[in-house]
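Written below as C-alpha cells is the structure these notes are about.
The values are calculated or read from the model by the stated rules, or taken from the named source; none is laboratory data. These numbers were taken from a predicted model, which means no experiment stands behind them. Virtual Cβ from ideal backbone geometry, glycine too; neighbours counted across all protein chains shown. Side chains included, ligands, DNA and RNA excluded: accessible areas come from the protein's heavy atoms. Shrake-Rupley method; radii C 1.70, N 1.55, O 1.52, S 1.80 Å.
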Amino acid sequence: MKRQLPKAHDLRPLLQFKKPELSAKTRRLEKALTIDDLRKVAKRRTPKAAFDYTDGAADGEVSLARAREAFGDVEFVPSILRDVSTVDTSRSVLGRSVALPFGIAPTGFTRMMQTEGEIAGATAAAAAGIPFSLSTMGTTSIEDVAAAAPGGRNWFQLYMWKDRDRSMALVDRAAKAGYDTLLVTVDVPVAGARLRDVRNGMTIPPKLSARTVANAVPRPAWWFNFLTTEPLAFASLDSWSGTVADLLDTMFDPTVTFEDLAWIREQWPGKISVKGVQSVPDAVRLADAGVDAIILSNHGGRQLDRAPVPFHLLPSVVKEVGSSLEVHLDTGIMSGQDIVAAIAHGADFTLIGRAYLYGLMAGGREGVDRTIEILRGQIERTMRLLGVTTLDELTPDHVVQLRRLGPLG
Ligand SMILES: Cc1cc2nc3c(=O)[nH]c(=O)nc-3n(C[C@H](O)[C@H](O)[C@H](O)COP(=O)(O)O)c2cc1C
C-alpha cells in the first residue's frame, strides 16, 4: 500500500469543529433525542416528590404500563415507492387548523414541576401552532395564559366542583379570555390512589421537611427557582395546604351526571370535548348528546387502575361514532410513532401529558420546545417511511396491533 502525507487542503474539510454551545441548558436538551431521554434529565433535576407526582400513576400503575405497551406492540406496514419529499402534518381540529396532530393536555400543579409552568407550555404550543389546555387545577390564571400567548389556541379544562356557581364562573372567564374549547373531564368522581404521593408525603405546596431538604441538595436550580419566583398557588382556587388526594376529594362532585353536561353545554359558547371516555356505550351516549369531541383517555393511568387501554378502544369507538363527532386520544404517548399509530387507527387528534411535563422539567420553555421538536421529527419521519404525505392518507392498514392482551372469547 502506498502512503502519503496528508495535505493541508485535504484536511481542512475534515476539521469542522462546532462552535461550542455555551448554554448548559441547550447542551442538555440537544443531547436528548427521545422523550425518554428528557424524562431522565427531568428526574435528575426535579425533587423526588414533584417528579413522582408527574411520573406516577394510580395503584399498581398497570393502566399506564399497558397503554405504553400497546403502542410498543404496534407493527407498521409501509407502502413503498411513493414521492414523500414533502409531508404535511396539519389538519383541522374542532373547526380550526393545527400544525401537528397533537396538543398539550391539561395538567394540574404545573409550576411545581418547573417554575415556568403553564406559560412555558402555552407559549411553546402557540409557537408550534398546536393547542394548549389549561387545567382547573392550573397554577397560572386563565387570563395570564391568554395574555402570554395571544396568537395561541387555548382550551380550558373543567372539573365540575361541588360549588357549581364557582365552576361556571371559571367557564365564563375562559370564554371571555378567548378559549375556544372546553374539555370537561369526567373520570374523576373521586381521586385515584396515587401511592407514590402517599409514600412521599407529598403536599401542595411542598413542605420543607428534613427529607425534602436532603433531597434538594443535588437539585439546587429547582429550589432556587421555587424560592425566588411567585409562590405556588392555584390560579382558580383559594389557597390549599394539604395532600393532593384530600384536595381532590374536597373539590370534586361525585354526583355529576349526563344531565350536568347538558347544563354546561347551555352556558359555553364554544366547542365541548368530554375527556375520560372509556367505553363504546358512553361514546355513543355522548354522540347522542351532541358534544363536539370525546377524548379516549384513562387520565394517564392516574385514576382507575387496570382501565381500558385507549388505543385498544379506538377502532370500535371510531366505527360507532367517528362520523358524528371527533375522536381524540391520550394516555401513554411517548413518541411521534405512537401518535402516527393513533391517527392511522382513526383518531382525529391526540394529547400529550407527561411528554410535555418531562420537557418542562428538563428545561422550562426550551424543554417544551424540545419535546415538540422531537415529536415533530418522529411524526414526519414515520410518515415518510410509511409512504404517506398527509395525515388523511394514514389508514388502519398501516398499523397492525400485535395483541399481547385481549379479552378472552
Ligand atoms: C401531573 C399530571 C397532572 C394532571 N392533571 C390533570 C388535570 O388537572 N386535569 C385533567 O383533566 N387531566 C389531568 N391529567 C391527565 C392529562 O390531562 C392526560 O390525560 C394524561 O397525562 C395523558 O397521559 P400521558 O401523561 O401518558 O400523556 C394530569 C396528568 C399528569 C401527568
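Quick notes on this one:
- Scanning the range 243-272 for residues that are touching a Ser or Thr at 6+ places or on another chain (Cβ under 6 Å), of a type outside the set (D, E, K, R) and modelled with pLDDT of 95 or more returns a single hit, GLY270.
- Filter pass, ARG39 being surrounded by fewer than 19 Cβ atoms within 10 Å (Cβ to Cβ), touching a helix residue (DSSP H, G or I) at 6+ places or on another chain (Cβ under 6 Å) and under 26 Å from PHE349 (Cβ atoms): no
- Selection status of GLU380, open to solvent by 40 Å² or more (accessible area, probe 1.4 Å) and either in contact with a Ser or Thr (Cβ under 6 Å, 6 or more places away or on another chain) or modelled with pLDDT of 95 or more (or both): yes
- Screening GLU373 with (1) surrounded by fewer than 23 Cβ atoms within 10 Å (Cβ to Cβ); (2) in contact (Cβ under 8 Å) with a residue 12 or more places away in the chain gives one miss only, at (2).
- Per the listing TRP161, TRP155, the residue uniquely closer than 24 Å to ASP348 by Cα, touching a strand residue (DSSP E or B) at 6+ places or on another chain (Cβ under 8 Å) and within 16 Å of the ligand (Cβ to nearest atom) is TRP155.
- Picking from residues in the range 116-132 that are away from the ligand (no atom under 16 Å from the Cβ) and open to solvent by 20 Å² or more (accessible area, probe 1.4 Å), the one that is farthest from SER97 (Cα to Cα) is ILE119.
- Filter result for GLY387 (surrounded by fewer than 24 Cβ atoms within 10 Å (Cβ to Cβ) and either over 30 Å from TRP222 (Cβ atoms) or touching a Lys or Arg at 6+ places or on another chain (Cβ under 9 Å) (or both)): yes
- Selection count, the range 68-104, where residues are among the aliphatic types (A, V, I, L, M), within 23 Å of the chain's Cα centre (by Cα) and over 20 Å from ALA149 (Cα atoms): 2
- When ALA65 is tested against (1) within 16 Å of the ligand (Cβ to nearest atom); (2) within 23 Å of THR185 (Cβ to Cβ); (3) surrounded by 16 or more Cβ atoms within 10 Å (Cβ to Cβ), exactly one condition is not met: (3).
- Condition check for PHE109: at pLDDT 95 or above, among the aromatic types (Phe, Trp, Tyr) and either surrounded by fewer than 22 Cβ atoms within 10 Å (Cβ to Cβ) or out of contact with any Leu (no Cβ under 6 Å at 6 or more places or on another chain) (or both): no
- Complete set of residues in the range 72-115 that are small (Gly, Ala, Ser) and more than 16 Å from the ligand (Cβ to nearest atom): SER79, SER85, SER90, SER92, GLY95, SER97, ALA99
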